[in-house]
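Written below as structure tokens is the structure these notes are about.
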Amino acid sequence: MKRQSYRSSIHFRNPIFLIWVKFLKWYLILGALLRLILWTVSPADASFTFGGLLRALCIGFVADFGMGLLLSLPLHVIYLGLNEWKYGRRTGLVIESLLAGAFVYVMFFHTIFNEYGGGAPMIARAFFGWKLASFTLRCFLPDIRMVWRRVSLYFAWGVYVFLMLFVFMGEYLFWNEFGVRYNFIAVDYLVYTHEVIGNIMESYAILPIVLLTLILTVGILWWDSRRNRFRLSALYTPRLLAIHLGITACLLAVGFGLSVFTHGLRSDDQYVTQLEQNGAYDFLYAFHHNHLDYRKFYALLPERECKHLYQQDNGLDSRDMRVIHTDSAALRKNVVVITVESLSADFLARYGDRKGLTPQLNALVRRSLVLDSLYAAGNRTVRGLEALSLCIPPTAGESIIKQHDNRMGGRSVGSLLQRMGYVTQFIYGGDSYFDNMGDYFSHNGYDVIDRNQISPDSITFANIWGVCDEDVYRKSLSVFDANAASGKPFFAQIMTTSNHRPYTYPAGKIRVEGNPNTREAAVKYTDYAIGRFLREAARKPWFANTVFVIIADHCASSAGKTSLPVERYHIPCLIYSPGFVRPQVFTRRCSQIDVVPTLLSMLRLSVRAPFTGRDIFAPDYRPRAFMATYQDLGYWEGDRLTVLSPVRRVVQYAVSRQADGTFVETPVAKPDRRLVRKTQAAYQYVNIYYRQ
């Protein structure tokens, strides 16, 4: 009896629990090491206290432990399959029949995998074909089972270790780029694998990274296999199997509970909050919550009160429309909006740059209307495009541009101007299917011109994101020549690509000391391209009748100590039209959604529109700005920033400007209720009632 009890305890300790111990050990060690590395390479404005770092490490350990339990589930399933009973005559026949049926189904019938499209059907056919062939061999050739089992288990363990290391390295690169753990941006990138994989290959020394990961994987497998090897035979009695499944269920429940609990914890310092998170859980959370039900997640006002406040604050009539006009005759000038990728305000000398990154824009400042305190609506390109084409605050979750229901029923800027006889165009140097831009603009009043309409012979340089800025400007000039020949005024929005990682551009255009493929070098090139474009445009007959707007889509980085660090939303905006726009500096705060309504008013165009954006020169204009992440929605008026977050959370900050141009955001104990209601009305209306 004693001997039998001893053997049972050995069986209990060796099978799947050894895998859990092995995986969790390395997952926790590497997770703690990753946090320390991210701490050392945090953005310049991050100032961790000892208590903050200790909190991040402790909560991070718990978060990693919980997610580690969940991630080990596939290993557990694999281990459960390592038994002999499945090769019995009846059981084997049933499994063989099921696998054969599944293979025939995915080979010859329209399946759920076809609905996903892409490579999903091919992957399904390969998977079920492999499972059928491998099970058949093991079923009829018993002598190969142990070798097959050993190779399969260690291969699976090796894949686990490799992916664990590779994902941690990816988190390091993501943190360097965005200052946060994996979030909705990573989810967006997963959708566009061609651009993202190409961007990674062009931006990083990916082959050395993969080689290093392989070496570390082999080293970990060798180290762990010296003493404790996986048991491959006589794994389970019925009693041990029941115990195993019961304990597994409990551990997975604990893992899920810990992951949810730690993800909900928030520090006053956003960097501490990010550091203590688990990147894998953050990614899954962002994937699941990319589409936010506003009614479910945000604090609501009664519908009647919401609509009344929204109409009152924005000067709208009972049908939520406002007429933009003057008594003077309309000036049917052309408008060219250049939306520059990731151009933070501090890349210009006026806002602090001392490296001479933007000499062309610096010179243009003296000849333009400068919106000195303009703030972006979001931290993604689609947020900037949404703000400039719809002139409304950002929506929760996905931008309207990326939503399936993105037909605005004639309410976009393009549709409104098209009805007034304008040629309206969206010009992009990349493939417009990215971020759903082509679908959105083509169904909302714009003609879409992208990389596919640029002759290969005229492309001088391109990377994974698209043609260089000079090439897209050259294409734009030819398009504008054709527009002018038609006799119609035109409204065109250009979206650039060069100021984006991998930061590559044509050689010989700018002087760069050191590495030419940096953000600063790309900014210098995009500035050079803008200057060249304006010089070439000045030689065109349509130039004198054209207004140029140069504005960023968003800042180069949005990371900060709070979820909405306002200085990371400050973008430049220059309105340039010699002889028409008087050079001056408008210093009052304004939003990206105000740019086009202001332009329409300057051109005296009588437009009836449902815009939240206002003419900044109107007597009743109130300085304010809207800004958001994919879930935190902010409204900044006066010295108060009001932020609406999921789980009906409302936080208000007192915002104070520092001598160096940055801002300190301090939570207030008693929020200004008037500003809270105004914030709620604006976002509730746009997210629920706007498209009704």
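Return yes when Tyr433 is over 30 Å from Tyr298 (Cβ atoms), free of Cβ contacts under 8 Å to residues at least 12 places away in the same chain and among the hydroxyl-bearing types (Ser, Thr, Tyr) and no when it is not.
yes
Which members of the range 98-118 meet the condition of being open to solvent by less than 70 Å² (accessible area, probe 1.4 Å) and either modelled with pLDDT of 75 or more or in a loop (DSSP other than H, G, I, E, B) (or both)?
Passing the criteria: Leu99, Ala100, Gly101, Ala102, Phe103, Val104, Val106, Thr111, Gly117.
For the range 478-499, how many residues meet the condition of being over 10 Å from Val336 (Cβ atoms) and either of a type outside the set (S, T, N, Q) or not in a helix (DSSP H, G or I) (or both)?
Counting residues in the range 478-499 that are over 10 Å from Val336 (Cβ atoms) and either of a type outside the set (S, T, N, Q) or not in a helix (DSSP H, G or I) (or both) gives 13.
Is there a residue in the range 433-442 that is open to solvent by less than 10 Å² (accessible area, probe 1.4 Å) and closer than 20 Å to Asn334 by Cβ?
Yes.
Is it true that Val512 is of a type in the set (Val, Ile, Thr) and open to solvent by less than 50 Å² (accessible area, probe 1.4 Å)?
Taking the combined requirement at face value, the residue does not satisfy it.
Please go through the range 518-546 and pick out each residue that is open to solvent by 70 Å² or more (accessible area, probe 1.4 Å), more than 18 Å from Pro359 (Cβ to Cβ) and not aliphatic (A, V, I, L, M).
Arg539, Pro541
Out of curiosity, is Glu305 within 26 Å of Ser476 (Cβ to Cβ) and of a type in the set (Asp, Glu)?
Criteria not met by Glu305.
Suppose the filter is more than 29 Å from Ser47 (Cα to Cα) and part of a loop (DSSP other than H, G, I, E, B); does Phe586 pass it?
Judged against the criteria, Phe586 is not a match.
State all residues of the range 307-327 that are touching a residue at least 24 places away in the same chain (Cβ under 8 Å), open to solvent by 60 Å² or more (accessible area, probe 1.4 Å) and assigned to a loop (DSSP other than H, G, I, E, B); if no residue qualifies, say none.
Selection gives His325 alone.
Sort out which residues of the range 501-527 are in contact (Cβ under 8 Å) with a residue 60 or more places away in the chain, among the β-branched types (Val, Ile, Thr) and out of contact with any helix residue (DSSP H, G or I) (no Cβ under 6 Å at 6 or more places or on another chain), and write them in order of number.
Once the filter is applied, which keeps residues that are in contact (Cβ under 8 Å) with a residue 60 or more places away in the chain, among the β-branched types (Val, Ile, Thr) and out of contact with any helix residue (DSSP H, G or I) (no Cβ under 6 Å at 6 or more places or on another chain), the range 501-527 yields only Thr504.
Take the residues in the range 578-622 that are open to solvent by 10 Å² or more (accessible area, probe 1.4 Å) and acidic (Asp, Glu); name whichever of them is farthest from the chain's Cα centre (by Cα).
By that ranking, first place goes to Asp620.
Considering only residues that are part of a helix (DSSP H, G or I) and farther than 14 Å from Asp269 by Cβ, which ones fall in the range 39-57?
Selection gives Thr40, Leu57.
From Thr662, Thr666, which residue is of a type in the set (S, T, N, Q) and in contact with a helix residue (DSSP H, G or I) (Cβ under 6 Å, 6 or more places away or on another chain)?
Criteria check complete, one pass: Thr662.
Here are the criteria: (1) open to solvent by 10 Å² or more (accessible area, probe 1.4 Å); (2) part of a loop (DSSP other than H, G, I, E, B). Tell me which single one Leu564 does not satisfy.
(1)
Inside the range 17-56, can you point out the residues that are closer than 17 Å to Ser259 by Cβ and open to solvent by 50 Å² or more (accessible area, probe 1.4 Å)?
Within the range 17-56, none qualify.
Of all residues being modelled with pLDDT of 80 or more and open to solvent by 60 Å² or more (accessible area, probe 1.4 Å) in the range 222-248, which is farthest from Cys58 (Cα to Cα)? Just the residue, please.
Ranking the qualifying residues of the range 222-248, first place goes to Trp222.
Would you confirm, using the coordinates I've provided, whether Arg673 is open to solvent by 20 Å² or more (accessible area, probe 1.4 Å) and either farther than 20 Å from Val686 by Cβ or modelled with pLDDT under 90 (or both)?
Here the answer is yes, as Arg673 does meet what is asked.
The values are calculated or read from the model by the stated rules, or taken from the named source; none is laboratory data. Just so you know, these numbers come straight off a predicted model, no measurement behind them. Cβ: placed from backbone, ideal geometry, glycine included. Neighbour counts: every protein chain shown. Each accessible area value is taken on the protein alone, full model and side chains, heavy atoms only, with ligands, DNA and RNA left out. Shrake-Rupley method; radii C 1.70, N 1.55, O 1.52, S 1.80 Å.
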